[in-house]
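> First, the structure itself, so that you have it in front of you.
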Amino acid sequence: MNTSLLKKSLLVTTLAGMFLTAHAELKVGDTLPELASFKLEGKMPDSLTGKIVIVDFWASWCLPCAESFPVMDELQKKFGDRVVVLAVNVDEKAANMDKFLKRHPVTFTVVRDAGHKLVAAVSPETMPTSFILDGEGKVRFLHKGFHGETTRKEYLSELESLLK
């Protein structure tokens with residue numbers, strides 16, 4: 001076999017694998033990338049180390065996101081400093097996010113991924129998408145969409161299991 005052709009074939013395969021890996025969806029068992037490197041707009045919590053974290057991707061135009069916000073707020077209040085809810089907004093315009101937050105005020109942390117760099121690294125399939133991380137930053141549970149009381153009960157059960 002032609003070694004030049006073999007080398008080209010290996011290079012194409014390697015590059016394709018790198019591209020697919022870079023754009024693969026974050027899944028259960030994966031570790032969330034270091035958030036500080038994404039230059040998110042807004043004040044991040046002082047430390048997420050050792051905390052159970054819900055990273056929730058949302059947008060102002062998303063009706064299920066509006067339905068999920070009271071539940072996320074309930075979880076933040078119920079679990080206090082043992083759980084951090086971090087909502088990552090993906091709106092193009094900060095004004096859209098601000099308008100949404102005026103209609104849906106919350107006590108948890110909200111930041112904006114203006115450059116969509118975190119979104120590109122995590123690749124959430126739908127809005128909202130929530131990743132529940134253990135104290136080491138590993139994804140333990142994943143929620144695609146919000147399904148009312150069913151999702152609320154799942155959140156409660158999952159958080160309680162991680163806090164044991």
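The values are calculated or read from the model by the stated rules, or taken from the named source; none is laboratory data. Because the structure is predicted, anything quoted here is derived from the model rather than measured. No Cβ is skipped: glycine too gets one built from the backbone with ideal geometry, and neighbour counts run over all protein chains shown.
> Return a yes/no flag: does the stretch 119-137 have any residue that is more than 16 Å from the chain's Cα centre (by Cα), exposed (fewer than 14 other Cβ atoms within 10 Å of the Cβ), under 23 Å from Lys39 (Cα atoms) and not acidic (Asp, Glu).
Within the stretch 119-137 (the criterion being more than 16 Å from the chain's Cα centre (by Cα), exposed (fewer than 14 other Cβ atoms within 10 Å of the Cβ), under 23 Å from Lys39 (Cα atoms) and not acidic (Asp, Glu)), the answer is no, since none of the residues qualifies.
> Same structure again: Select the helices (runs of 4 or more DSSP H) contained entirely in the stretch 17-136, then report the ones holding at least 3 residues which are closer than 22 Å to Ser161 by Cβ and out of contact with any strand residue (DSSP E or B) (no Cβ under 9 Å at 6 or more places or on another chain).
Hits in the stretch 17-136: 63-79.
> Condition (residue is of a type in the set (S, T, N, Q) and closer than 17 Å to Leu40 by Cβ) applied to the stretch 149-157: is it met by at least one residue?
Taking every residue of the stretch 149-157 in turn, none turns out to be of a type in the set (S, T, N, Q) and closer than 17 Å to Leu40 by Cβ.
> Something else about it: Working only within the stretch 76-85, note down all residues that are surrounded by 18 or more Cβ atoms within 10 Å (Cβ to Cβ) and closer than 16 Å to His104 by Cβ.
Those that are surrounded by 18 or more Cβ atoms within 10 Å (Cβ to Cβ) and closer than 16 Å to His104 by Cβ: Gln76, Val85.
> With (1) at pLDDT below 90; (2) crowded, with 18+ Cβ neighbours inside 10 Å as the list, and Val12 as the residue in question, which single condition is left unmet?
Exception for Val12: condition (2).
> Sticking with this structure for a sec: Return the residues of the stretch 75-115 that are of a type in the set (Asp, Glu) and over 15 Å from Ile52 (Cβ atoms); say none if nothing qualifies.
Hits for the stretch 75-115 are Asp91, Glu92, Asp98, Asp113.
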